[in-house]
Amino acid sequence: MMLMPQTTTEMWATMGSTVASFMFFWAVFQHYCPYQVRRHFERYTQRIMSLFYPYIKISIHEYTGDRLKRSEAFAAVEAYLSVNSSKCAKRLKAEMGKDSRNLVFSMDEYERVTDEFEGVKIWWASSKVASTGQSLYPQPDRRYYRLTFHKRHREIVTEIYLKHVIREGKEINVRSRQRKLYTNSPGQKWSSFRQAMWSHVSFEHPATFDSMALEPEKRKEIVEDLVTFSQSKDFYARIGKTWKRGYLLYGPPGTGKSTMIAAMANLLNYDVYDLELTAVKDNTDLRRLLIETTGKSIIVIEDIDCSLDLTGQRRISSEDDKLEKEAARNEPKEDTSSKVTLSGLLNFIDGLWSACGGERIIVFTTNYVEKLDPALIRRGRMDKHIELSYCSFEAFKVLAKNYLGLEEHAMFDTIRGLIREVKITPADVAENLMPKSPLDDAEKCLSTLIQALELTKETAIAKEGEVAAEKGKADEELPRKQGETEGIDHEATEATVPDRNSPAGKHAAKEGVARETAQATDRKDVCLLQENGNTKSQSGTFEFQRLCET
């Protein structure tokens, strides 16, 4: 008997019934079969299927290890797919681009796209691993990209294609990255749900070295040093040194230290990490913050002499430790103060952990460089010390060009003479050059600056006069005070010797005779004890009492 071919509907019905039966038995198997047996069965099932499955899968995770550092490979793949996936993916994510005017598209989660390279077809899929933590604040899910290709193309994909993806992704990141200004979150909040260690905003500071009030020679020296550092990756690797450099910016307030940091970031196209030490819980959290920073970045600690007690007050005795332990014992249990130490900060700058990553610049700023511990600012940690002092005439000319568009003016000679005689910061000069109304022209602004310079000069002269007058007055009073002191000492010496005819003198003389008699009687009493025993001792005691009454 010959069987008639089934219709398409009957075939789909049979296939659906078979799949449903298989799923039912698989669910029963997973429910009633012990976990150990099921795990053993799944392992061997995967091995059997791999013999017939012709494809290879490679996963690239966002984080490796214990979520210490974001994978550079993941970031490069993400950037590469953001350009290629927008052409064929059906589900996309949209974000603002570098210029904040155009949207940048990337793959959404659980989306698949196809790529082709030298005739090889490759499939990319975006996925994530859900967090399994049972804590009060669950950790974010772990994202990853999965690459699938035929096993006969293994060599092309692993040796050529993946290198191409990483290289292209990094170049895309450099072209499209929007520089950011980061600040660290308080260490006590890191365990909260999805709370990152660093939060950021777009970095849009307009400062450049051309607009800074600096002497041309100093500006050229700093720019050349920065550019040389950014191009010296191979040099640092050859000499066996971490690719980083430290800058110490010091000088009076208002001399442009923060502005220089912004100019450095704009020159090198680096991100800026503004580290607030008082918000760091301890040295361990300080290292975790360092790990989370990226390359091509500037790590800034402003006013480091005021951030923590890092001014060289080293312990010299164990009494300090005892006092601190006693104080800690009496304090409440929850202590949110920072426990960052000088040793921890030194290791942060150039210890073993500083080698995690590369192409970093560490900048300290301070108004009082003499307060800092020498170990903190030595060469090797702070490699270049830059003093930003009061405004010079060359710096004034830069400000005049920026604010007023002037390169020469008749009032410049007057300003040159005054600016050499007084100490005024670039911030004060800029404030006086800034027009305060639409009617203010260049001459009015320059006149305002001249008035400010003359007032500063008069104030300085008056202050010097007051100091000289106080010094002269102190020099005149010094001999008189010395004479008065000698007179007081002489009177005190005479007051300690009373008159013999006075009642106090007679009383003192009587006390002196009594002391001498008592000493003589003690000696006599000892002799009597040695010669006659206790009887003679009693006689001596009687004699002593009689002499005392006399």
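The values are calculated or read from the model by the stated rules, or taken from the named source; none is laboratory data. Keep in mind it's a predicted model, so treat the numbers as computed, not measured. Note that we place each Cβ from the backbone using ideal geometry, even for glycine, and neighbour counts take in every protein chain shown. We work out accessible area using only protein heavy atoms, side chains counted, and drop any ligands, DNA or RNA first. Shrake-Rupley method; radii C 1.70, N 1.55, O 1.52, S 1.80 Å.
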Check: Excluding ligands and nucleic acids, what accessible area in Å² is computed for Cys88 using a 1.4 Å probe, to the nearest 10?
Finding: 70 Å²
Notebook entry, point to check: Ignoring ligands, DNA and RNA, what percent of the accessible area of the stretch 410-472 is carbon or sulfur (1.4 Å)?
Noted result: 55 percent
Next item on the list: Would you kindly state how much longer the chain becomes between Lys401 and Arg416 on full extension, computed as 0.36 nm times their sequence separation minus their alpha carbon distance, in nm to one decimal?
Entry: 3.9 nm
Check: Quick one: which of 380-386, 432-438, 233-239 comes out on top by average Cβ neighbours within 10 Å, and what's the full order, highest first?
Finding: 380-386, 432-438, 233-239
Next item on the list: Rank these by accessible area, largest first, 1.4 Å probe: Leu404, Leu181.
Entry: Leu181, Leu404
Item checked: Sequence of His205, His164 when ordered by accessible area, the most exposed leading, probe 1.4 angstrom -> His205, His164
